[in-house]
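The next block holds one structure in the form of structure tokens; read it before the comments.
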Amino acid sequence: MSNSARGVLLVVSSPSGAGKTTLCRRLRAEFSNLTFSVSYTTRTPRPGEVDGRDYHFVDTETFQKMVARDEFAEYAMVHENLYGTAVAAIEEALAAGRDVLFDVDYQGGRMLRQRFGDEVVLVFILPPSLAELARRLRARGTDAPEVIERRLEVAREELRHYHEYDYLVMNDHLERAYDALRSIYVAQRHLRPRLEHLARAILDAHGPASS
């Protein structure tokens, strides 16, 4: 018996440095049906990033032309760069029953919810504190002090939008945070509206109930 349910759109957001990337990578490694949404961005690739795998790297003119053609399900300016998710790839995955994982900010999550409604599950990863977030950003050793300060300012703004999310996960301990994120995803896969066609199929196969 096949599962013909549409896919889940799992949106995971967090301030930079809260551990979102690590958690999302673990979830994708465990669940083969979970496809990562590869966003378009105008920022420069970081060391080790591959075009088409981590992001689709495009120039600003190309990005703006895609916006004009309404090709994005969501897009936003983050840290002075544009990021966007192509709607065609999402629709294709949903129709095939594949789940899609989004690594976007609250603006992107809001736009996805407006476009896809209850098919979107919004999860926000909380840092233990802003002081710990600052420590993690400095420990990376990849950003100048002024860049880190800008990221912390953005983090404060992002945290103010926690109430727009369905779930909050505190990442003060990686294993506990992953267990929480994993549980949210698995639970969403088993919501009654998503799988009730299976129950109906079982009843239909059995035939009319005898009196």
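Only the coordinates and a few stated rules stand behind these numbers; no lab work does. Remember, it's a predicted structure, so these values are computed and weren't measured experimentally. We place every Cβ from the backbone using ideal geometry, glycine too, and count neighbours over all the protein chains shown.
Seen from all sides and averaged, what is the projected area of the convex hull of the Cα atoms in the chain, in nm²? Let's see the in-between values first.
Values: hull surface 57.3 nm².
Averaged projected area of the chain's Cα convex hull equals 14.3 nm².
Estimated at 0.36 nm per residue, the fully extended path between S183 and A68 surpasses their Cα-Cα distance by 37.6 nm.
Rounded to the nearest Hz, the phi-derived 3J(HN,Hα) couplings of region 68-74 under the Karplus curve 6.51 cos²θ - 1.76 cosθ + 1.60 (θ = phi - 60°) are 4, 8, 6, 8, 9, 6, 7, where x marks glycine and proline.
As a proxy for reagent exposure, ranking K65, K20 by other Cβ atoms within 10 Å from fewest up yields K65, K20.
Set Lys and Arg Cβ to +1 and Asp and Glu Cβ to -1, take the dipole of the chain about its Cα centre, and tell me which of H206, V121, F63 lies farthest positive. Of H206, V121, F63, it is H206. In plain terms, if you count all Cα to Cα distances in region 171-211 and split them into 5 Å steps from zero, the share in each step is 5, 20, 15, 12, 12, 10, 8, 7, 5, 4, 2, 1 percent.
Between 0 and 90 degrees, the angle of helix 20-30 with respect to the longest Cα principal axis of the chain falls at about 30 degrees. Ranked by how many other Cβ atoms sit within 10 Å of their own Cβ, fewest first, the residues S14, S39 fall in the order S39, S14.
To the nearest ten degrees, helix 130-140 and the longest principal axis of the Cα atoms of the chain are 80 degrees apart.
Restricting to bridges with both residues inside the chain, how much of the DSSP beta-bridge set is antiparallel, in percent to the nearest 5? Mind dumping the intermediate values first?
Values: 8 of 27 bridges.
Antiparallel bridges: around 30 percent, rounded to the nearest 5.
Proximity of backbone amide H atoms, modeled 1.01 Å from N, is registered between Y55 and V50 at under 5 Å, excluding neighbours fewer than 5 places apart on the same chain. Set the Cα radius of gyration of region 1-69 against 2.2 N^0.38 Å, with N its number of residues, and you get 1.38. Couplings 3J(HN,Hα) for region 47-52, derived from phi with the Karplus relation 6.51 cos²θ - 1.76 cosθ + 1.60 (θ = phi - 60°), are x, x, 6, 10, 4, x Hz, where x marks Gly and Pro. Principal-axis analysis of the Cα atoms of the chain puts helix 145-159 at an angle of about 40° to the longest axis. For the chain, the dipole from Cβ point charges (+1 on Lys and Arg, -1 on Asp and Glu) about the Cα centre works out to 460 debye, to the nearest 20.
Between amide H atoms placed 1.01 Å from N, distances below 5 Å from L82 occur with T42, R43, all of them 5 or more places distant or on a separate chain.
For region 108-203, the convex hull spanned by the alpha carbon atoms encloses 127 Å³ per residue. What's the center-to-center distance, using Cα atoms, between region 181-205 and region 18-55 in Å? If we compute the Cα centre of each part, the gap is 27 Å.
Full extension from D172 to A131: what is 0.36 nm times the residue separation minus their Cα-Cα distance, to one decimal in nm? Write out the running numbers ahead of the final one.
On the way: separation 41, 0.36 × 41 = 14.76 nm, distance 1.24 nm.
Answer, rounded to one decimal: 13.5 nm.
Note on the chain: GNM, Cα springs under 10 Å; of R53, R200, R26, the largest mean-square fluctuation is that of R200.
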